[in-house]
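Chemist: Here you go, one structure.
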Amino acid sequence: MKKPWLFLACVSCSELALFTQNMSDFKIKLANKLLTITGYSGSAQDVPIPDMINGMPVSAIEKEAFYQIPLTRVTIPNSVTFIGKRAFYGTRLTSITIPYGVISIGEGAFAWTPLTSVTIPYGVRSIGEGAFAWTLLTRVTIPNSVKYLRERAFAETLLTSVTIPSYVKYIGTGVFAGCSHLTAITVDVQNASFSSVDGVLFSKDMETLIMYPGGKSPHYTIPNSVTSIGRKAFYGTSLTSVTIPDSVTFIGDFAFASTSLTSVTIPSGVTSIGNFAFAKIQLTSVMIPDSVTSIGKRAFDDDVKIIRADLD
C-alpha cells in the first residue's frame, strides 16, 4: 500500500525536505511566501513534482535543481511559473510538457539532454539562452505569447523547420546556430520586427540578413535590399558560394565564419567587416575594396593573402 507524502521541516524555516515512499528527496526553499524546488537527491528516474506543499503552491524550479540527474521523465505542475537556469541540464529526458503556468524558461534549462519533443504552451514569454541547445529536437512549436528568443535558444538541434510567431520582438544571435537540418525559418506575416523570404530570416524592412538556415542550399544570392549582414548570419552553415550585392555596407562578426566558402567577392559598397567575419574558411586570398575603412580582429585567417584594391 502506498504511503502518503510525508513532509519534514528543516531547522531553517526557508528550507524543507520532501520524502516519498521510495525516499526521493526534494529540497525546497520558502521565500516571500513562495515555494521553490532547489534540488533533488532521490534515485527515481520518473519524478512527479508536487503542486502543493503544506498548502502552498510550488511556484518555481530553481537553477540547477535537477542538474545532470539521470531523470528520464518528470511532471511539472501547473503551479510553476518559472524554470531556472540549467534546471534540467544534462538529464535523460526525451520529452517534456511544460505546463500552462510557466512564463519564463531559463538559460540552458533543458540543454544537453536527449530531448526529442517538447510542448511549449501559450503563456511562455521568454525562452532563455541555450534553453534547448544540444538536444535531439526535430520539431518545436513556439507559441504566440513568446516575445524573446535568447541567444542559441535552439542551437545544435535537429530541427528541420521553425515558425517565428507574430509577437516575437527579440531574436538573439545564433538562436538556430549549428542546426544542420534546418532548411526554413518562417516568420508570421503579422510580426512587426522580422520577416522571411525563401526560408531566410531578415529584419522587417529586409535591410538586415539575420540568419541563413544551416540545411539550406549551399549557394545563395543575397537580396539587393540588404545593407547589413548580421552577426553569425551564415556561421557554421554548408555555404560554398555567396553573392553579396553592392547594397551591403556592413558585414558582422563571424558572419561567414566556419562555412565552406573557398572564395568571396567583397563589393565596393562595404565599409566595415566585423571580427572573425571570414575566419576558419578555406580562403587563400581576398581582395578588399578601398571603401572598407574598418576590418575587425582576425576577420580573416592569418594565412589569407589580403589584397587592397579600388573596385570602382
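The values are calculated or read from the model by the stated rules, or taken from the named source; none is laboratory data. What you see is a predicted model, and the numbers here were worked out from it, not measured in a lab. Neighbour counts run over all protein chains shown; Cβ positions are idealised from the backbone, glycine included.
Chemist: Restricting attention to strands (runs of 3 or more DSSP E) lying wholly within segment 47-114, give those where 1 or more residues are hydrophobic (A, V, I, L, M, F, W, C) and over 21 Å from THR138 (Cα atoms).
Modeler: 56-61
Chemist: Between LEU159, LEU209, which is touching a Phe, Trp or Tyr at 6+ places or on another chain (Cβ under 8 Å) and in contact (Cβ under 8 Å) with a residue 24 or more places away in the chain?
Modeler: LEU209
Chemist: Further, regarding this structure: Confirm whether SER195 is of a type in the set (S, T, N, Q), surrounded by fewer than 20 Cβ atoms within 10 Å (Cβ to Cβ) and outside any strand (DSSP E or B). Step through it out loud before you land on a result.
Modeler: Values: of a type in the set (S, T, N, Q): yes; surrounded by fewer than 20 Cβ atoms within 10 Å (Cβ to Cβ): yes; outside any strand (DSSP E or B): no.
No: the conditions fail for SER195.
Chemist: With the structure loaded, tell me whether LEU137 is under 18 Å from TYR235 (Cβ atoms), at pLDDT 95 or above, buried (at least 19 other Cβ atoms within 10 Å of the Cβ) and of a type in the set (A, V, I, L, M) or whether it fails that test.
Modeler: No, not satisfied.
Chemist: Any idea which residue in segment 29-55 is surrounded by the most Cβ atoms within 10 Å (Cβ to Cβ), counting only those that are within 29 Å of the chain's Cα centre (by Cα) and of a type in the set (Val, Ile, Thr)?
Modeler: Among residues in segment 29-55 that are within 29 Å of the chain's Cα centre (by Cα) and of a type in the set (Val, Ile, Thr), the one surrounded by the most Cβ atoms within 10 Å (Cβ to Cβ) is ILE37.
Chemist: Would you pick out the residues in segment 103-122 that are under 15 Å from TYR148 (Cα atoms), crowded, with 17+ Cβ neighbours inside 10 Å and in contact with a Ser or Thr (Cβ under 6 Å, 6 or more places away or on another chain)?
Modeler: SER104
Chemist: Let me ask something else about it. Select from segment 175-191 the residues that are touching a residue at least 24 places away in the same chain (Cβ under 8 Å) and in a loop (DSSP other than H, G, I, E, B) and list them in ascending order.
Modeler: VAL175, PHE176, ALA177, GLY178, CYS179, SER180, HIS181, LEU182, THR183, ASP188, GLN190, ASN191
Chemist: Let me ask something else. Among the numbered conditions (1) within 24 Å of THR265 (Cβ to Cβ); (2) over 16 Å from the mean Cα position of the chain (by Cα); (3) in a loop (DSSP other than H, G, I, E, B), tell me where TYR235 comes up short.
Modeler: (2)
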